[in-house]
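**Student:** Attaching a single structure in structure tokens format; questions to follow.
The values are calculated or read from the model by the stated rules, or taken from the named source; none is laboratory data. Because the structure is a prediction, the values reported are computed rather than measured. Don't worry about glycine lacking a Cβ; one is built from the backbone with ideal geometry, like all the others, and counts go over all protein chains shown.
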Amino acid sequence: MPDISFRLRHNGRVAILVSRYNELITTKLLDGALACCAESGVAREEVDVVWLPGAFELPAAAAAAAESGRYACVVALGAVIRGETPHFEYVAGAAASGLTDVSRQYAIPVGFGVLTVDTLQQAIDRAGGSAGNKGHEAAAAALGAADAIAQLRASHVED
């Protein structure tokens, strides 16, 4: 587990967007993201959790969160598990590309906690199993980046 010494200096709210599709997995990713926020000193009341139908819808919701100006960062959580059709590539690619675009367009950190895996077991392993909790890692990345961006905007970078 990463050592997180996060102090939000700007806007302390965090938006966590969660896909309902593969909810067995995404609920565990959410648990990890919420634990990371708590460990980082972000009060639960400063975290807004919004559920969405699937990973494909995450970029639009991330853009709305970013556009609102209410959040220091966004954490996007989902699980796309490969099937027998090319659907996996379209959904996973669109989610990744869309979330990257939001981060760049709005200059807001978007933690990428969308699992793109071949099997359900791989998803379980990455949602609190043997490979850790990627929801926790996505929140840590978003919080750390939000802290760095706040320092840069304040023109005071700490060593």
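**Student:** Just one of (1) more than 19 Å from Arg126 (Cβ to Cβ); (2) among the small types (Gly, Ala, Ser); (3) at pLDDT 95 or above trips up Ser40, so point out which.
**Tutor:** Of the numbered conditions (1) more than 19 Å from Arg126 (Cβ to Cβ); (2) among the small types (Gly, Ala, Ser); (3) at pLDDT 95 or above, the odd one out for Ser40 is (3).
**Student:** Please work out which one of (1) touching a residue at least 24 places away in the same chain (Cβ under 8 Å); (2) under 18 Å from Gly41 (Cβ atoms) is the condition Val114 fails and give its number.
**Tutor:** (2)
**Student:** Still on this structure, please answer the following. Do we have any residue at all in segment 70-83 that's more than 25 Å from Ser155 (Cβ to Cβ) and assigned to a helix (DSSP H, G or I)? Walk me through how you get there before you give the answer.
**Tutor:** Going through segment 70-83, the residues more than 25 Å from Ser155 (Cβ to Cβ) turn out to be 75-83.
Restricting the remaining residues to those that are assigned to a helix (DSSP H, G or I) gives none.
No, segment 70-83 contains no residue that is more than 25 Å from Ser155 (Cβ to Cβ) and assigned to a helix (DSSP H, G or I).
**Student:** I need the full set of residues from segment 75-102 which are more than 25 Å from Ile124 (Cβ to Cβ) and either in contact with a Pro (Cβ under 7 Å, 6 or more places away or on another chain) or surrounded by 12 or more Cβ atoms within 10 Å (Cβ to Cβ) (or both), in order please. Spell out the reasoning first.
**Tutor:** Residues of segment 75-102 that are more than 25 Å from Ile124 (Cβ to Cβ), as a first pass: 97-98, 100-102.
Result: Gly98, Thr100, Asp101, Val102.
**Student:** Look through Ala107, Ala127, Ala76, Ala72 and report the one residue that is without any contact (Cβ under 8 Å) to a residue 60 or more places away in the chain and among the aliphatic types (A, V, I, L, M).
**Tutor:** Ala107
Yes or no, residue by residue, for (1) under 15 Å from the mean Cα position of the chain (by Cα); (2) at pLDDT below 95:
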site	(1), (2)
Gly113	yes, no
Asp118	no, yes
Lys134	yes, no
Ala141	yes, no
Gly144	yes, yes
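**Student:** Can you report the number of residues in segment 85-141 which are in a helix (DSSP H, G or I) and either polar (S, T, N, Q) or more than 18 Å from Val14 (Cα to Cα) (or both)?
**Tutor:** Looking only at that region, the number is 23.
**Student:** Same structure again: How many residues does segment 33-61 contain that are touching a Leu at 6+ places or on another chain (Cβ under 6 Å), closer than 25 Å to Gly132 by Cα and assigned to a helix (DSSP H, G or I)?
**Tutor:** Residues flagged as touching a Leu at 6+ places or on another chain (Cβ under 6 Å), closer than 25 Å to Gly132 by Cα and assigned to a helix (DSSP H, G or I) within segment 33-61 amount to 2.
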